[in-house]
1. How much length is gained on full extension from C:Thr163 to C:Val422, taking 0.36 nm per residue of separation minus their Cα-Cα distance?
2. With θ set to phi - 60°, apply the Karplus curve 6.51 cos²θ - 1.76 cosθ + 1.60 along the stretch C:134-148 and write out the HN-Hα couplings as whole Hz, x wherever there is a Gly or Pro.
3. Principal axis lengths of the stretch C:290-504 from Cα atoms, whole Å, largest first?
4. In whole Å, what is the distance between the alpha-carbon centres of the stretch B:249-284 and the stretch A:164-186?
5. Residues with amide H under 5 Å of B:Val264's amide H, sequence separation 5 or more or different chain, H placed in the peptide plane at 1.01 Å from N; which?
6. For A:Ala65, what residues show an amide H to amide H distance below 5 Å, using hydrogens built from the backbone and excluding near sequence neighbours?
7. Can you list the equivalent-ellipsoid semi-axes of the protein assembly as shown, largest first and in whole Å, using the square root of 5 times each Cα gyration tensor eigenvalue?
8. Straight-line reach only, C-alpha to C-alpha below 22 angstrom: list the lysines that A:Lys199 could link to, leaving out same-chain residues fewer than 8 apart.
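Bear in mind that the values in this text are calculations on the coordinates, not laboratory data. Note that the structure is predicted; figures quoted are calculated from it, not measured. Cβ placement follows ideal geometry from the backbone for every residue including glycine, while neighbour counts extend to all protein chains displayed.
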Amino acid sequence: MIELRQVSKSYGPVGAARDVTLTVADGQAIVLFGPSGCGKTTVLRLIAGLEAPDCGEVLIDGEVASRPGWLKAPRERKVGFVFQTPALWPHMTVAENIRFGLKDRKSEAFEQVLGVLDLVGLKNRFPDELSGGEARRVALARTLAARPRHLLLDEPLSNLDLDSRESLLRVILQAHHESGGALIYVTHDTDESEAISPKRIRMQNGRLLQ
Amino acid sequence: MHAKIASLTAWLGLFLLLSGCAPRPQSPEVVVYTSVDQVFSEPVLKEFEKSSGVRVLAVYDVEAAKTTGLVNRLLAEKKRPAADVFWSGEIAQTLLLKEQGVLARYVSPSASTLPEHYRDKEGCWTAFGGRVRVFLVNTKLLSKERYPTSIEDLRKKDYPADKIALASPLFGTTATHAAALYAALGEEEGRAYYRDLQARGLRIVDGNSTVRDLVASGQVWFGLVDTDDAAVALKRGDPVAIVFPDQEKGGLGALSIPNTVALVKGSPHPTEGKRLVDFLLSRSVEERLRDEGWLYRSTRGANDNVVEVVTMKTSPGQVFEMLKISRSDMTRLFLR
Amino acid sequence: MKAFSRIGEAVYLLVVAGPVLMLALTSLPRAPELWELAFPRGQSLNLLSNSLVLATAVALSDLVCGTLIAVFLWRRSGRLGGGLRLLVLLTAPLPPYIHALAWIFAFDTVNFRALTGLVGAWWVEVMAYLPLSTCLALLALEMVQPDLLEAGKLLAPDQRVLTRILGPLATPFAAAGAGLIFLLCLLEYGVPSIFGAATYPLEIYAEFSSSGDPARVFFMALPLFAAAALVLLATFAGYRGSALNRAWSRPGVDLPFHWPAWLRWAQGAALLLLAAQVIVPVATILTLTKSLAMLGQVLAFSTAETRVSFQVSLLASLLSLSLGAVVAHRLRQPGPMQALWWAVVVLPLALPASLVGAGLIDLWNRPSMLALQRTWAMPVLAATARFAPVATLVILVQLSRTDPRLLEAAAILAPSRIRAWVGVRIPLLLPGLLASAGLVFILTAGELATTLMVVPPGGSTLVLKVYNYLHYGSTETVAALCLLLTLATLLPGAVVVRLVRRRK
């Protein structure tokens, strides 16, 4: 379960998240949408522990994970985060990128995501040798291979063709189903959001409009 | 694209550079390159400016580049010299310049009072005064009766090798000293002497001023320096004394290294150059430099407050002849 | 645009490569007679290997220390961060020779005399180049895109993020810095000479001072050229040309990193070295300067030198910057000329300074160039000839780290070339441009041997004056002059840093 209690975060005078309170239960999926710059990404970053809140608390599985001045390390939160950009490490191959977060180098999770996301043939390529769609698949694979309990996805499928989008959506939903955790999905796309969840929350100026 | 802007900037830079050039002044001027310390040479040149009305443009050599910086500059500028006069605190480099055809013949009227072996036979240079290679002894660490008296003492076991300092014999006056010893003792004996010094493991340091400071601070008992270095230490009130080596009757004598002055061949201002040469070779300049501590002795006239020194009998020509051999030996012995 | 690049390249060939090419042209005909000088044997070979070992040891030590300090300073803003950054730069303008004197003075004061030979030279050179390596390592870290680190932090402990992501991404620039320090050490003879360490440049120098023959020296310097070329090849060819966007001006992400204990200990040790590196020379200089009145006196009789040093450094860094930008671009274009351009860039870096001076005189001392001869243009050209390659290499690293798509987008979208340049290119390349300009400025301010060969008669730079007074043994004057040198070099640096900060 992911819980935000009256969380605010601002960058200088700009309030990116204002008094956000939100609960996503285990097994639940929600879609965050709203105009650009309304604070969707900030909410995900606050949950992942990439930002510290100015006030309020973030709880994950009932435990406080963030409060002003204190952050639990991102990797200890059991959350997976797919960024808007693939953010692949340019000096590592596809396989190395995916394996990075795995404790067991020969983990079956690695083989599995390669298979599921159809990356077997790309294993030894470097990021600059991938197409945009391939890079996104790798980014997703990197996140899923670590088997996170909760998933935070920031427009993970933008700019992909319809077929790839559908197949990746299936992969995401399957992963969510298997993990049994919460899923927060940021998108502008109506088709995507319908496929993910009926629960859609709109954001504007850093506030949730439920 | 950025290349375009960059090259524009480059041209702008060049333009700025060139626009910074001042127009040449019309007043008479003379260019002198000197390896004599600026503290000593600058006042002398200023005096010349005042008395002659000729503007002096000087380039002063620096210690880290020893005296070779300006010598190499003169050699490189040989085709179109920028300097009129070369005033050196040494003689070996001047002889190298003569050999390379950088110097012009000019027999200055001021030189007539100088001894003959201070004047080049072809008139390419004139020497005056002398800085003497001496022992600088720390008076707190050595009692008078234990002062070294001969360069042979550098070889003796009476003095621990790590308590004696010597500037690197590859450069400067220490290199000239080696060549002079080769000339005086003969090549074989000279080589054997330096081989012994190397084998003993004396403290070989960067320059004469370092030797001076090591002696003054008591890190070594004594070392070989030039009299001008010693004068600085005495002036500072350091606990040191000067000892002239090999002064006994029939002894080798101490090496006296004269200053040299020469006119540069094809120089841009030969008339002013000659006037400066005449001035630098005058007795008053020599005495002034002696009184200030740059020279130990004046070649002409009385040296009232100065101990008369027995000097080595080698001629500049002999020393220069030996320089190439001794220098390659020194490189082999001391650069390892 | 092509025409302008060509002009820039031509100016580079003339100003930077010209002196060296002149030397090569006059030396090569004598190859049959002098060729064997290029293959040192016996004792010379030992000296060469001493030099290589010394330069390698200094470069690696500085790479490690500089990186540790940089990791500490990285993301540390506010008073502490800013103050420490300035502290790093404080002693950068002092020539290594002065560092050596200060260290010897300090060690003498506490009666520690063990610092001699190669070890002594190593210690002082590591200290003298620590500011440089720290700055370059810091720049390297700041160029790493934050989202790559965040992606890592989500998946693995900080130590792993450090060794597998931050490290490899920052390495190319940091390694280029180490390569540069290797080159600077390789040619340094003052410091080894002070410590009685026998190195190859000393032999070259002894040869030049006894024969005065540039051709002999040119051939003797060829092994240094080979070593320099190899090191640069290894530095620049060894990594994937990964394009990274600038990250340095993004708002700081408040993402704390928790380093493992060993790293914090190592950082502590490196910071102690940094402190020593600053305190020893500065304390020595301040102790010896004795009074502010002394500084005032020295300033009064060194105004002209201070002004001239500043002007020459400024002009040389601007000229090097512009030429470097053009040629860095050229170095990236594959083709038959690429290797030749690399040689053109590397050669001046591997030649002894006074030899470059001789080449400069060969090139510029002609009747048609009389206007140049007696002006400060010559020292500017001299510093450019020596240090424009440094600027070129720094800009090259920056270029290869900049996403070409961003530059392409600017080329397509910008209404004019100027806009593309001012709006995109300069800001993207800014860290590299500033670093190279700053480097050339500092190196020029401390340049001695080439400047002495071309300084207009009647003039002097601060460094020339420092060395002149060194011989006379007037330590107070020397110390005050050094203080002046540091201030004159650092004040403009501090102003630039301020301006950049404000812009951010």
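1. 89.6 nm
2. 5, 4, 5, 5, 5, 4, 4, 5, 6, 8, 7, 5, x, 5, 5
3. 60, 45, 29
4. Comparing the Cα centres of the stretch B:249-284 and the stretch A:164-186, I get a distance of 93 Å.
5. Counting only residues 5 or more places away or on other chains, the set is B:Val85, B:Phe86, B:Ala104.
6. Residues meeting the criterion, in which the H sits 1.01 Å from N, are A:Val58, A:Leu59, A:Ile60.
7. The three semi-axes for the protein assembly as shown are 67, 29, 25 Å.
8. Counting by Cα, and skipping residues close in sequence, A:Lys199 has these lysines nearby: A:Lys40.
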